[in-house]
1. Report, in whole Å, the centroid distance computed from the Cα atoms of segment 97-123 and segment 1-53.
2. Any idea what the relative contact order of segment 10-123 is, in percent, if you count C-alpha pairs under 8 Å spaced at least 6 apart?
3. From zero outward in steps of 5 Å, how is the percent of C-alpha pairs of segment 1-107 spread across the bins?
4. Calculate, for the chain, the solvent-accessible area per residue in square angstrom, rolling a 1.4 angstrom probe over the heavy atoms of the protein chains.
5. With every protein chain left in place, what is the accessible area of D90 in Å² (1.4 Å probe, nearest 10)?
Amino acid sequence: QVQLVESGGGLVQSGGSLRLSCAASGLTFSRYTMGWFRQAPGKEREFVAAIGLSGDTTRYADSVKGRFTISRDNAKNAVYLQMNNLKPEDTAVYYCAANFLTLTVARSTYDYWGQGTQVTVSS
């Protein structure tokens, strides 16, 4: 079965950095666009970043542009989210998701989801 397993979350001070990883199995990874979403307490899950099949195309939420970078390694079946200059408002559970072929920011279009990793940014 398909599994997406996130790692790399933790507690960091404002201005710090974290790198999230997502390991995928049970799917032909190169045929899936990958996305990162996040959900803060009491809020809906929101789009953060997405990357196309080969890694050449990316999309970012306005709130993270210039601070976060999404990348993928098809040889390792992995996607990453480098998060720099973190702010307290970035505190959330971060989820990795897979979408068959289509690069999209719409949460409802993603086929598979991980369990999430907690990111907490202290002020």
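1. 5 Å
2. 36 percent
3. P(r) over segment 1-107, rounded to whole percents: 2, 13, 25, 26, 19, 10, 4, 0.
4. Details: 6210 Å² over 123 residues.
For the chain, the solvent-accessible area averages 50 Å² per residue.
5. 0 Å²
The values are calculated or read from the model by the stated rules, or taken from the named source; none is laboratory data. None of the values given here were measured: they were computed from a predicted structure. Quick note on the areas: whole protein, heavy atoms, side chains included, nothing else; ligands and nucleic acids left out. Shrake-Rupley method; radii C 1.70, N 1.55, O 1.52, S 1.80 Å.
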